[in-house]
Amino acid sequence: MDSATLRIGVLGSGSGSNMQSVLDAVLAGTLDAKICVVLSDVADAKILDRARDHGIPAQWLDCAPYKTKLDGEAERACVRVLNSHGVDTVVLAGFMRIVKPGLLAAFPNRVLNIHPALLPAFPGIAAWKQALDYGAKAAGCTVHFVDEGTDTGPIIIQKAVPVLEGDTPETLHARIQVQEHLAYPEALRLLSEGRLRVDGRRVIIAGC
Ligand code: GAR
């Protein structure tokens, strides 16, 4: 794959700090990308405000009647909006729904997710709390391509942090988020430089 300016569409449900880290890298000139549109399944999510503050088109995506997945008409609407903005790369940034094959087929090998754990440990919800409850001594984050499973796609980058005595879910999540904000721009930079190749389960990083 050749290097190219990524045309990113972001899907998120929450505060949007990961979207912000990607945007900051774009604005700093360290990531060759443009965030074309931000979509959220939560009408008043802070991620939408953050995008609008930077003049990025941002809109609520009505995902009814589903509670935990992006499917049916909502999925079709999502693909339509992403296509209408010329998106070629979909960045899931705290998007708390399962994406289904329709979105993946529209953007083959171009849907990425960040997960707050060292996969395959602790997939699913509140992974940092799962790690703490389990008694893990290390936690971290994973950026991966999305496949049809939940948090199962080929891994691009992982970053580890220690779990410290006295950690609460909040302190551990905050430590993981510092690494998330480095990992997502780094993974997208590799993608924009054409250095990622998916070979089965493995992501081969050219030049590493
Ligand atoms: C992040 O920690 C992200 O890894 C997590 O939600 C948080 C969103 O924060 N995502 C998941 O748990 C997805 N399974 P943000 O809205 O500030 O980027």
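The values are calculated or read from the model by the stated rules, or taken from the named source; none is laboratory data. Model, not experiment: these values are computed from the prediction. Glycine gets a Cβ as well: all are built from the backbone with ideal geometry, and neighbour counts include every protein chain shown.
Working carefully through the options ALA117, ALA105, ALA136, ALA121, find the one that is of a type in the set (A, V, I, L, M, F, W, C), part of a loop (DSSP other than H, G, I, E, B), closer than 30 Å to GLY194 by Cβ and modelled with pLDDT of 95 or more. Lay out the reasoning, then the answer.
Working: ALA105 fails: part of a loop (DSSP other than H, G, I, E, B); ALA136 fails: closer than 30 Å to GLY194 by Cβ; ALA121 fails: closer than 30 Å to GLY194 by Cβ.
Being of a type in the set (A, V, I, L, M, F, W, C), part of a loop (DSSP other than H, G, I, E, B), closer than 30 Å to GLY194 by Cβ and modelled with pLDDT of 95 or more holds for just one of ALA117, ALA105, ALA136, ALA121, which is ALA117.
Considering only the range 7-20, state which residues are over 18 Å from GLY55 (Cβ atoms) and more than 8 Å from the ligand (Cβ to nearest atom). Give the derivation first.
Residues of the range 7-20 over 18 Å from GLY55 (Cβ atoms): 11, 13-15, 17-18.
Residue satisfying the conditions is LEU11 alone.
Can you tell me which residues in the range 22-40 are within 13 Å of the ligand (Cβ to nearest atom), surrounded by 20 or more Cβ atoms within 10 Å (Cβ to Cβ) and over 19 Å from LYS69 (Cα atoms)?
VAL22, LEU23 - these are the residues of the range 22-40 that are within 13 Å of the ligand (Cβ to nearest atom), surrounded by 20 or more Cβ atoms within 10 Å (Cβ to Cβ) and over 19 Å from LYS69 (Cα atoms).
Limited to the range 123-138, what total is found for residues that are in contact with a Pro (Cβ under 8 Å, 6 or more places away or on another chain), surrounded by 15 or more Cβ atoms within 10 Å (Cβ to Cβ) and either among the aromatic types (Phe, Trp, Tyr) or free of Cβ contacts under 8 Å to residues at least 40 places away in the same chain (or both)? So that I can check it myself, show each step before the final result.
Within the range 123-138, the first condition is being in contact with a Pro (Cβ under 8 Å, 6 or more places away or on another chain), and the residues that meet it are 126-129, 132, 137-138.
Now drop any that are not surrounded by 15 or more Cβ atoms within 10 Å (Cβ to Cβ), which leaves 127-129, 132.
Among the residues that remain, those that are also either among the aromatic types (Phe, Trp, Tyr) or free of Cβ contacts under 8 Å to residues at least 40 places away in the same chain (or both) are: 127-128.
Of the residues in the range 123-138, 2 are in contact with a Pro (Cβ under 8 Å, 6 or more places away or on another chain), surrounded by 15 or more Cβ atoms within 10 Å (Cβ to Cβ) and either among the aromatic types (Phe, Trp, Tyr) or free of Cβ contacts under 8 Å to residues at least 40 places away in the same chain (or both).
Here is a check on your reading of the model: is THR142 among the hydroxyl-bearing types (Ser, Thr, Tyr), under 23 Å from LEU196 (Cα atoms), touching a strand residue (DSSP E or B) at 6+ places or on another chain (Cβ under 6 Å) and within 15 Å of the ligand (Cβ to nearest atom)?
Against the criterion (among the hydroxyl-bearing types (Ser, Thr, Tyr), under 23 Å from LEU196 (Cα atoms), touching a strand residue (DSSP E or B) at 6+ places or on another chain (Cβ under 6 Å) and within 15 Å of the ligand (Cβ to nearest atom)), THR142 qualifies.
Considering each of THR168, THR150 in turn, give the residue that is hydroxyl-bearing (Ser, Thr, Tyr), under 20 Å from ALA117 (Cβ atoms) and within 16 Å of the chain's Cα centre (by Cα).
THR150
Restricted to the range 72-100, and to residues that are away from the ligand (no atom under 16 Å from the Cβ) and closer than 19 Å to PHE145 by Cα, which residue is surrounded by the fewest Cβ atoms within 10 Å (Cβ to Cβ)?
Filtering the range 72-100 for residues away from the ligand (no atom under 16 Å from the Cβ) gives 72-89.
From the residues that got through so far, the ones that are closer than 19 Å to PHE145 by Cα too are 75, 78-79, 82, 87-89.
Numbers: GLU75: 21, CYS78: 23, VAL79: 19, LEU82: 24, VAL87: 24, ASP88: 16, THR89: 22.
Looking at residues that are away from the ligand (no atom under 16 Å from the Cβ) and closer than 19 Å to PHE145 by Cα, I get ASP88.
Hey, could you check the range 145-172 for residues that are hydroxyl-bearing (Ser, Thr, Tyr) and under 22 Å from PRO101 (Cβ atoms) and say which is nearest to the ligand (Cβ to nearest atom)?
Going through the range 145-172, the residues hydroxyl-bearing (Ser, Thr, Tyr) turn out to be 150, 152, 168, 171.
Restricting the remaining residues to those that are under 22 Å from PRO101 (Cβ atoms) gives 150, 152.
Details: THR150: 8, THR152: 12 Å.
Looking at residues that are hydroxyl-bearing (Ser, Thr, Tyr) and under 22 Å from PRO101 (Cβ atoms), I get THR150.
For the range 1-89, give me every one of the strands (runs of 3 or more DSSP E) that falls completely inside it and has 3 or more residues that are of a type outside the set (A, V, I, L, M) and closer than 30 Å to ASP199 by Cα.
On the way: elements: 6-12, 33-40, 58-60.
Correct list: 6-12.
Limited to the range 101-150, what total is found for residues that are out of contact with any helix residue (DSSP H, G or I) (no Cβ under 8 Å at 6 or more places or on another chain), among the charged types (D, E, K, R) and closer than 22 Å to LEU188 by Cα?
1
Any idea which of (1) buried (at least 20 other Cβ atoms within 10 Å of the Cβ); (2) in contact with a strand residue (DSSP E or B) (Cβ under 7 Å, 6 or more places away or on another chain) is the one LYS69 doesn't satisfy?
(1)
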